[in-house]
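Asker: Got a structure here, written out as structure tokens. Questions coming.
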Amino acid sequence: MADAISDSVGVLAERNVAGRNLTLLLVLAAGLLPAGASKADPLGPESAKLDMDRLQPGLYPAAPGLTGEWSEAPHTPFHLDWSIGLKGAYTSSNTGGYFLTTLNPAFTARHDGQRTDIVIEGDGTMARQWDNGGHAGLTALRLGLSTDSALDANMRVKGNAAINFGQALPGTQGLNADIITPPQVLSGSAGLGIERSFGQINLALKGNVERAVYGPTMRRDTGRTDNADQNLWQADAILRAGVQVTPILEVFSEATLGRDMFDAASPTLGVRTDATSTALRGGIAGNWNGIVRASASIGRGKHDFDAAGLTDIDTWLYDASLSFSPDPTLNLTASLSSAVEPTGSDSNGTARVVHTAQTKLDYTVNSWLRLRASADWGLSRLEGNGETEQRRGLGAGADYAVNKHTALSADYGYGHRDNSNNGQSDTHTISVGITLRR
């Protein structure tokens, strides 16, 4: 019995010595660690940091053996949306009727940055007439780029560039009935604008350069018309100064300087119709909480031809616009404007004075139905030969969303054209289509 007790006491003594030794080792180790480390996570502070990072959304481990840190989730610099539409239409006019089908692909790539937003977009139209000659081809193609950069809280820089191609099919609504093959039109443009605010003073300077090239026209009455004399360069600069008289209203003035430079002389006039345009106008603009936006201006414009034998154009210029969006389901826009423009292809005048008015209404009834309506009016006068043309049109349509990727549409359009040389024409168009979206 005494021996057993003696053995037990010896074991306890050995364990007590071992415990004291272990305690001594821990104390020494704690003394060698940095201050506060003995109270940290048993795996060290880095382990605690990684545990916290691992819980953050959008973070993933880096590849093993690279950095040992967590990297941001992969992302694409642009958000891409695309759609493709197929539409069938029947058009009836004074000269008869025809069926038309169109294929309309489109895409938009958008980058929303901290300071700079970039949008790249493009669309095209391929059309085929199933009677009226059975014509088919690419009727429109467009590619555009726009940027919007905030340099600071009071200064913005905006830029844009675009390339456009177009060629109407024979018999298209509004086209002269004598045209057998409409001309191809290729154009490109680039612009840059700077906006700066100095307290209640707003300044903006914009510049734009455009190039247009026209192909030949084939006509029943005069044969082939070479439109090379209408190929031109256009350059414009606009300086705008405004005073914010109230948080809603701004009074502004705007000065415009433009230049038209043609490649060749007009075959009917014998001279090039190069000209310098100037305009000065004043107006008022308002923005009420983004619900109502309105602007109106009026002024005087001059179009001075370089050739002494051409009569300069001096006319009133005006511009007005209105948008009304009381909620996301309703959007109403209207505009009224006048301008002096080049005559375009298949024409023998010096310039065209154009007056236009447009209005559009979009109403979203619910998540699957949207209604649309539009109306337009136009009056143009061709300087140099006295030709005038008046146009007006009405349109109505609806879009039905089958699901988030598919929509059906139906439209009706009416157009009236009264040309002093070619008489009157009326067209009615009914169309249905389907659109697939990303």
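Asker: Which ³J(HN,Hα) values in Hz, rounded to whole numbers, follow from the phi angles of the range 334-345 under the Karplus curve 6.51 cos²θ - 1.76 cosθ + 1.60, where θ = phi - 60° and Gly and Pro get x?
Answerer: Karplus values, whole Hz, x for Gly and Pro: 8, 8, 9, 7, 9, 7, 10, 10, x, 6, x, 6.
Asker: Could you give the size of the charge dipole of the range 156-219 about its Cα centre, using +1 on the Cβ of each K and R and -1 on the Cβ of each D and E, expressed in debye and rounded to the nearest 20?
Answerer: Result for the range 156-219 is approximately 280 debye, rounded to the nearest 20.
Bear in mind these aren't lab numbers, they're just calculated from the coordinates by the rules spelled out. Computed from a predicted structure; not experimentally measured. As a convention, Cβ positions derive from the backbone with ideal geometry for all residues, glycine included, and neighbour counts pool all protein chains shown.
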